[in-house]
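First comes the structure, then the notes that go with it.
Nothing in this text is a laboratory measurement; each read-out follows from the coordinates by a stated rule. This one's a predicted model, so the numbers in the text were calculated from it and none came from an experiment. Virtual Cβ from ideal backbone geometry, glycine too; neighbours counted across all protein chains shown.
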Amino acid sequence: MDRKKLKKAALIGAGTLLGIQTVRMLARGAVNRTSDHALKILMEDPYDENLWELISATSRIGLQNVVETNLCSAQGRMITRPMGSPKKFPSLDDIVFTFAQLYVMPTPLETKIDLSVMIGKQAGRPFTIDLPIMIAPMAYGEALSKKAKIALAMGAAAMNTATNTGEGPFLPEERATAKYLIYQYNRGDWGKTPEIIRQCDAVEIQLGQGAIGGVGHVMAA
C-alpha cells in the first residue's frame, strides 16, 4: 500500500472514531437531560398529577389486585387466573435444621400431648378447654342461621372448647348446646342484660371491628 492510500485510511479511521465518540457524547448528554427532566417532574409535581401516585396507590393492595379487579369489571364475571393463587403458602423449603435442634429429638408421634388451656386462672370460675382453639364470634341472624350456630356449639362441646355468641342476639339454644359459651359484649345497645351475661362462662368485650374500632354500631332492622 502506498503512502497516499495509507494516509487516506488513517484519516478515515480517525474520522470514524471521532464520529463515534461525538455520537456517544451527544447521546449521553441527551440521556442526562431527559433523565434530569423526568426526575425533576417526579420530584416536584403535586401528588394528584404525579406518576408516583400509581406506586403509592398500589403499594398497599398490590398491583395484581388492581389489575384483576379491573379485569373482573371489564368482563363482568369472575376471571380465571392462570397457575392458581399468587399467594405463597408456608412450606418445608424454609426449614433449616441445626445441631442444636437435633440434640433433643422430636416427641414420638404416639405420645399424647396435653393441649389444655385454663382461661381466667384468677377468676372465681375459671374454665379449662382441651384445645387452644375456640370458635370465633359470628353473630346469629347477622352472619349465621340458628342451625349453624347450634351446629358450631355442638362441635365445640364435643371438643371441650368454647364458642362465641358474636355481636348478634343471644340465642338460648346455643347456650343449651354449648359447654362453654363466651358472650361478646358488643358496641350496640341490644342484649347485654345481667340475666344474659350470667348464663355465659366468659365475656369478650368488643372494642371495635375492622376500620371502625372504638365507635358505636347500628344494625339494620
For Val104, state whether it is touching a Pro at 6+ places or on another chain (Cβ under 7 Å) and within 30 Å of Thr128 (Cβ to Cβ).
no
Name the single residue that is nearest to the chain's Cα centre (by Cα) among those in the stretch 76-135 being farther than 25 Å from Ala178 by Cβ, loosely packed, with under 10 Cβ neighbours inside 10 Å and of a type in the set (S, T, N, Q).
Ser85
I'd like to know if the stretch 141-153 contains one or more residues that are buried (at least 18 other Cβ atoms within 10 Å of the Cβ) and in a loop (DSSP other than H, G, I, E, B).
no
Every residue from the stretch 51-95 that is among the small types (Gly, Ala, Ser) and over 30 Å from His37 (Cα atoms)
Ser73, Ala74, Gly76, Gly84, Ser85, Ser91
